[in-house]
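This report concerns only the one structure given below.
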Amino acid sequence: MKANGEEVSVADGTKLSDWLISQGYVLEKTAVLLNGVVVPRAKIPETVISNTDCLEIVSFVGGG
C-alpha cells in the first residue's frame, strides 16, 4: 500500500482506523483519501484497507 507516497505493508482485513491509530494519527483531526476518494470520518472505523490501496492522509494541527 502507498501512504502519502511511501510504500507500507498492511495485513489482510486491516481496518483503516486501526492502522491510522497505530501510526499516531488522531482520528478526529485526520482526513483520508482512499484511492482518490474522500473517506467520510464516520466511515473510517468500518473501512478495510489492503496492500493494493493508495492513501493520502492529512492531519490537522492547531496553533497560533
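The values are calculated or read from the model by the stated rules, or taken from the named source; none is laboratory data. Every value quoted in this text rests on a predicted model; they were computed, and no experiment measured them. Counting neighbours? That spans all protein chains shown, and the Cβs are built from the backbone with ideal geometry, glycine included.
The table that follows gives values for the structure above.
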read-out: Every residue from segment 41-64 that is surrounded by 11 or more Cβ atoms within 10 Å (Cβ to Cβ) and of a type in the set (S, T, N, Q); value: Thr47, Ser50, Asn51, Ser59
read-out: Residue satisfying condition, being of a type outside the set (D, E, K, R) and modelled with pLDDT of 95 or more, within set Gly36, Gly64; value: Gly36
read-out: Residue count, segment 26-56 (criterion: assigned to a helix (DSSP H, G or I) and among the small types (Gly, Ala, Ser)); value: 1
read-out: Within segment 1-19, tally of residues that are over 12 Å from Val48 (Cβ atoms) and free of Cβ contacts under 8 Å to residues at least 40 places away in the same chain; value: 4
read-out: Residues (of a type outside the set (Gly, Ala, Ser), surrounded by 10 or more Cβ atoms within 10 Å (Cβ to Cβ) and part of a loop (DSSP other than H, G, I, E, B)) located in segment 6-25; value: Val8, Val10, Gln23, Tyr25
read-out: Segment 27-40, residues that are over 12 Å from Val58 (Cβ atoms) and either exposed (fewer than 12 other Cβ atoms within 10 Å of the Cβ) or out of contact with any Lys or Arg (no Cβ under 8 Å at 6 or more places or on another chain) (or both); value: Glu28, Leu34, Asn35, Gly36, Val37, Pro40
